[in-house]
Structures are given as structure tokens and as C-alpha cells.
Amino acid sequence: MTVAVLALQGAFIEHEQVLNHLGVEHIELRQASDLKKTFDALILPGGESTVQSLLLHEQNMFEPLKKRIEDGMPVLATCAGLILLASEIEGQETSHFATLPVKVRRNAYGRQLGSFHTESEVKGIGKVPMTFIRAPYVSETSPDVEVLAVVDNKIVGVRYNSQFAYAFHPELDDNTQIHELFLRSISAKS
């Protein structure tokens with residue numbers, strides 16, 4: 001199994017470190033030619049969703065990746081990655097990939113000073129540490145979206161088919177269970 005990590009901007013190195021720790025082969029996606037490499041799954045890291053989307057378009061990677069996601073490629077999205085996948089973004093007329101039928105609120109906890117750390121339940125795992133940095137949350141879901149995590153009555157983790165999306169940064173904590181759950185879902189699919 002090879003996991004591709006979107007490496008245009010954001011916390012991609014931290015995801016790669018988790019994959020290294022777990023012994024999972026991975027590649028970086030930086031330009032359109034990288035899409036010719038073979039990979040089985042995709043990680044969309046935290047960072048700046050607007051910048052990532054702009055760079056995806058500039059590098060001619062947006063449409064090919066969107067098609068792969070629509071065709072069922074497993075995706076793990078964290079923070080900005082959740083915003084990239086969401087079909088609706090509160091206060092915006094447009095969205096990005098729009099493959100995940102949820103509405104998100106950007107910077108829902110305020111700016112950098114509103115960042116926080118907590119521990120909470122994730123369905124199928126148990127309690128995990130959660131680091132929120134200028135994080136979004138899911139304000140609405142379609143009925144076929146499975147809610148995986150809730151903090152302070154706000155949805156912060158969801159699954160839709162083979163798309164896993166979290167409002168927090170599991171790659172910034174030592175706990176690897178979020179990545180392991182994602183990797184198990186890929187193995188179960190193949």
C-alpha cells in the first residue's frame with residue numbers, strides 16, 4: 001500500500017512522519033507529474049485551504065484528484081483538508097472538491113489564539129488527543145455521513161464512504177490511532 005500526501009502547503013511533513021512511524025510507504029504530491037505515480041490513498045493535510053486549492057489549480061492537480069476521490073479513492077483529511085472536501089462552506093458561495101456532503105464553518109473557534117487541545121472519543125477508536133488550530137467544525141451533514149467525533153456539541157470527525165475528515169490535527173500528537181483506523185479501512189477495502 002502506498003499513501004500519497006498532498007505536499008503543497010501545511011502540515012504534510014507531520015503526516016509523513018506518522019506514516020514513517022507506522023512503516024507505510026508514501027509519496028508526496030507536489031506537481032501534476034506526481035499523479036502518474038501509483039498510490040492507493042490520499043492524505044489532505046491541515047494548512048490554508050484557500051492556498052491549497054489555488055496551488056492545486058495552478059499545478060493542474062485539482063480535477064484529476066477530485067475525480068479520484070469521486071471514484072472512491074480513500075482520503076484522510078485534517079483541518080484544511082476537511083474544508084477542501086466539504087460540499088458547502090458557511091459564508092462562501094463556492095467550495096473546493098465538494099465530495100463530502102457536509103457544511104463546514106471555517107475558523108470556527110476563532111483565530112490562532114482560539115487554538116486548543118483536548119481529549120475526546122472517536123468512534124471505533126476510543127479517546128484520543130485532539131489539537132485544534134484555527135479549526136473548522138461540521139455544522140450540517142447529509143443523512144449518509146457517519147459522525148465519528150463530537151467536541152462541545154460540535155461535529156469534528158466524519159466518514160462518508162472512503163473519506164475520513166477531522167477538524168483537528170491528529171498528526172501533531174503522538175497517538176497514531178486516527179491514521180491506523182484509516183489504514184485499516186484501506187486494507188479492508190482491497
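The values are calculated or read from the model by the stated rules, or taken from the named source; none is laboratory data. Remember, predicted model here, so these are calculated numbers, not experimental data. In this analysis, Cβ positions are derived from the backbone assuming ideal geometry, glycine residues included, and neighbour counts consider all displayed protein chains.
Inside the range 39-60, can you point out the residues that are closer than 20 Å to H179 by Cβ and either free of Cβ contacts under 8 Å to residues at least 40 places away in the same chain or touching a Cys at 6+ places or on another chain (Cβ under 6 Å) (or both)?
F39, L42, G46, G47
Can you name every residue in the range 125-149 that is of a type outside the set (D, E) and exposed (fewer than 13 other Cβ atoms within 10 Å of the Cβ)?
G126, K127, S142, P143
May I ask you to say which residue of E140, E180 is closer than 21 Å to Q17 by Cβ and either within 15 Å of the chain's Cα centre (by Cα) or acidic (D, E) (or both)?
Matching residue, one of E140, E180: E180.
Which of the strands (runs of 3 or more DSSP E) contained wholly in the range 90-149 include at least 2 residues that are modelled with pLDDT of 95 or more and in contact with a Leu (Cβ under 8 Å, 6 or more places away or on another chain)?
In the range 90-149, 100-105 are the strands (runs of 3 or more DSSP E) which contain 2 or more residues that are modelled with pLDDT of 95 or more and in contact with a Leu (Cβ under 8 Å, 6 or more places away or on another chain).
Against the condition surrounded by fewer than 17 Cβ atoms within 10 Å (Cβ to Cβ) and either touching an Asp or Glu at 6+ places or on another chain (Cβ under 6 Å) or within 26 Å of D152 (Cα to Cα) (or both), how does E121 come out, does it pass?
Yes, satisfied.
When the range 165-181 is examined, which residues are found to be assigned to a helix (DSSP H, G or I) and closer than 13 Å to A149 by Cα?
P170, I178
Any chance you could count how many residues in the range 31-64 are assigned to a helix (DSSP H, G or I), farther than 23 Å from Q92 by Cβ and touching a helix residue (DSSP H, G or I) at 6+ places or on another chain (Cβ under 7 Å)?
Qualifying residue count for the region: 2.
What is the residue count in the range 65-84 for residues that are more than 15 Å from Y137 (Cα to Cα), in contact (Cβ under 8 Å) with a residue 12 or more places away in the chain and not in a loop (DSSP other than H, G, I, E, B)?
7
Which one of these is modelled with pLDDT of 95 or more, surrounded by fewer than 17 Cβ atoms within 10 Å (Cβ to Cβ) and within 24 Å of S185 (Cβ to Cβ): E63, E70, E58?
E70
Tell me, please, whether a residue that is over 16 Å from the mean Cα position of the chain (by Cα), under 26 Å from V145 (Cα atoms), surrounded by fewer than 23 Cβ atoms within 10 Å (Cβ to Cβ) and at pLDDT 95 or above can be found in the range 10-21.
Looking through the range 10-21, none of the residues is over 16 Å from the mean Cα position of the chain (by Cα), under 26 Å from V145 (Cα atoms), surrounded by fewer than 23 Cβ atoms within 10 Å (Cβ to Cβ) and at pLDDT 95 or above.
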